[in-house]
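Here is the structure we will look at.
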Amino acid sequence: MTAAGPAEADSDKRSKGPMAADYIDAINQVFALFRINYHNQYHAAFGDTQLLTQAKKLWAETLLDFSPEIILRGAKKAIEQSDYLPTLHKMIGYCQGSPELHGLPDIHSAYLEACRAPSPKAEYRWSHPAVYHAGKLSDWFFLANNAERDTFPVFKGHYLDLCGRVLRGEELPPPDVKKLEQAPQTPLSKEENLKRLAELRQQLQL
């Protein structure tokens, strides 16, 4: 195995559980793809084994939030879109993709949507679940009864956090629509009605 060493593999196993092997394999595949496609740049950047091991460890720790599939997809996107060996920062961007590709509206549009959505909020047709959850975390009453200068920063913080989770591959749950449960009512028989009426008269001493 050409991962960044047994110690790194053990660390990944502790953090990734059963997916550790797939995760390490993905990191190795990324560097193999970069070696093939950015040959001279790759050897200039990772000129010796120790440097390569350190780079793999750093990339593995930094990209830990992404699934192996997303990491490989990000590497292929980098190869398709750039003639230069990507930095780790660029690689994060390739793994995340653009918010628009995930259906996420820009921050201020999301804020206005959250403020203007009618009640019940959970039944509104949201552009993306992240907008609903950001509004809920910000508190609907707070958004509706305070100025934008006070509410927008709060909403923005929650929304950016949720967007980051979406960009890392997490699927947010849809709004929780609560439906009132109606217990089925079975009509009483004639005998049961007469019995209840007799009990009621006895209680009222009629």
**Item:** Rough spin-label spacing in nm, given labels placed 7 Å along Cα→Cβ, for E61 and H39
**Value:** 3.3
**Message:** If neighbour count is taken as other Cβ atoms inside 10 Å, put R168, R149 in order from fewest to most.
**Reply:** R149, R168
**Asked** Which chymotrypsin sites (Phe, Trp or Tyr not before Pro) in the range 44-99 pass both tests, a DSSP loop state and at most 12 other beta-carbon atoms within 10 Å?
**Response** Y84
**Alpha-carbon spread of the range 43-91, three principal axes, descending order, Å** = 27, 26, 15
**Prompt:** Which value in nm describes the separation of the simple spin-label points at K190 and L172, placed 7 Å from the Cα toward the beta carbon?
**Reply:** 6.1
**Prompt:** Taking a threshold of 28 Å on the Cα-Cα distance, which of the pairs K77/K136; K57/K156; K57/K77; K56/K156; K90/K136 fall above it?
**Reply:** K77/K136; K57/K156; K56/K156; K90/K136
**Message:** Run the paramagnetic zone check for D83: 7 angstrom along Cα to Cβ, then residues of the range 30-64 with backbone nitrogen under 15 Å.
**Reply:** 38-41
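Readers should treat all values here as calculations from the given coordinates under stated rules, not as data from a laboratory. Nothing here was measured: the structure is a model prediction, and the numbers come from that model. We place every Cβ from the backbone using ideal geometry, glycine too, and count neighbours over all the protein chains shown.
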